[in-house]
Amino acid sequence: MRLHVLQHVPFEGPAKIEEWAAKAGHPVGLTRLYAHEALPGMDTFDMLVVMGGPMGAHDDAQFRWMKGEKLFIELAIQRGKKVLGVCLGAQLIAGILGAKVYPNPQKEIGWFPIELDPPNVRHHPLNVLPQRVTVFHWHGDTFDLPECATHLARSRACENQAFAVGKNVIGLQFHLEMGMSHIESLLRHASTDLAAGEFVMAPEEMLDLAPSQVPPLNAALHRFLDSFTQS
């Protein structure tokens, strides 16, 4: 399985996804969109991974590479590639599929649980996760569910935490790929997001919880990616 990753900012890369791929023997290509690197040919990868970032899904005017990125993701979906969107990546996929992307009523940043949607998740790769599982969040936007999509998970702060389109496309609003260093990097580079709110943890609390939360989070990532790539 040849992976290709679209990265929007230097401090939010594939993280533990890359570690999983190395262990599984899957080669990983990377396009640093922020550095204006060229997109690859469609025949060079089997699975596209679209990472997060602080920009919004409608910021095409500010980030001129975003229009081409959206067309590239749309073509990958049309060609039947595996496509995984994480946070901003999920929002981009939702928008490409015709759904509205907009600010969530509240930011959700830190360690908070999600609940899987039992009837819908049964036949999707996310079913390898527990029914209720604590994951890492860092987002202010959300999206409506695309008409063609199946709802897979929700949280108290955000109804649409995960969706699937058929067997090949999955969007995750939350993060399974974060390790301690990646959380620390977000805190260094995106601290302006940390406005007071019911679902915004203090940095000290995020870091205090990380040693106990990161290992099960990454184990869930590995199970999920194993299931997704084999489906």
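Looking only at segment 218-230, how many residues end up being more than 20 Å from ASN168 (Cβ to Cβ) and open to solvent by 40 Å² or more (accessible area, probe 1.4 Å)?
So the answer is 1.
Any idea which residue in segment 74-85 is surrounded by the fewest Cβ atoms within 10 Å (Cβ to Cβ), counting only those that are touching a strand residue (DSSP E or B) at 6+ places or on another chain (Cβ under 6 Å) and among the aliphatic types (A, V, I, L, M)?
Selected residue: ILE77.
This table checks each residue for (1) out of contact with any strand residue (DSSP E or B) (no Cβ under 7 Å at 6 or more places or on another chain); (2) outside any helix (DSSP H, G or I); (3) open to solvent by less than 50 Å² (accessible area, probe 1.4 Å).
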residue: ASN160; (1), (2), (3): no, yes, yes
residue: ALA196; (1), (2), (3): yes, yes, no
residue: SER212; (1), (2), (3): yes, no, no
residue: PRO216; (1), (2), (3): yes, no, no
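Name every residue in segment 95-111 that is within 15 Å of MET55 (Cβ to Cβ) and either aliphatic (A, V, I, L, M) or in a helix (DSSP H, G or I) (or both), in order of residue number.
Within segment 95-111, GLY95, VAL101 meet the criteria.
For the subset of segment 119-139 comprising residues that are open to solvent by less than 30 Å² (accessible area, probe 1.4 Å) and in a strand (DSSP E or B), which member is farthest from LEU194 (Cα to Cα)?
VAL133
The values are calculated or read from the model by the stated rules, or taken from the named source; none is laboratory data. This one's a predicted model, so the numbers in the text were calculated from it and none came from an experiment. No Cβ is skipped: glycine too gets one built from the backbone with ideal geometry, and neighbour counts run over all protein chains shown. Keep in mind that these areas ignore ligands, DNA and RNA; they rest on the heavy atoms of the full protein, side chains included. Shrake-Rupley method; radii C 1.70, N 1.55, O 1.52, S 1.80 Å.
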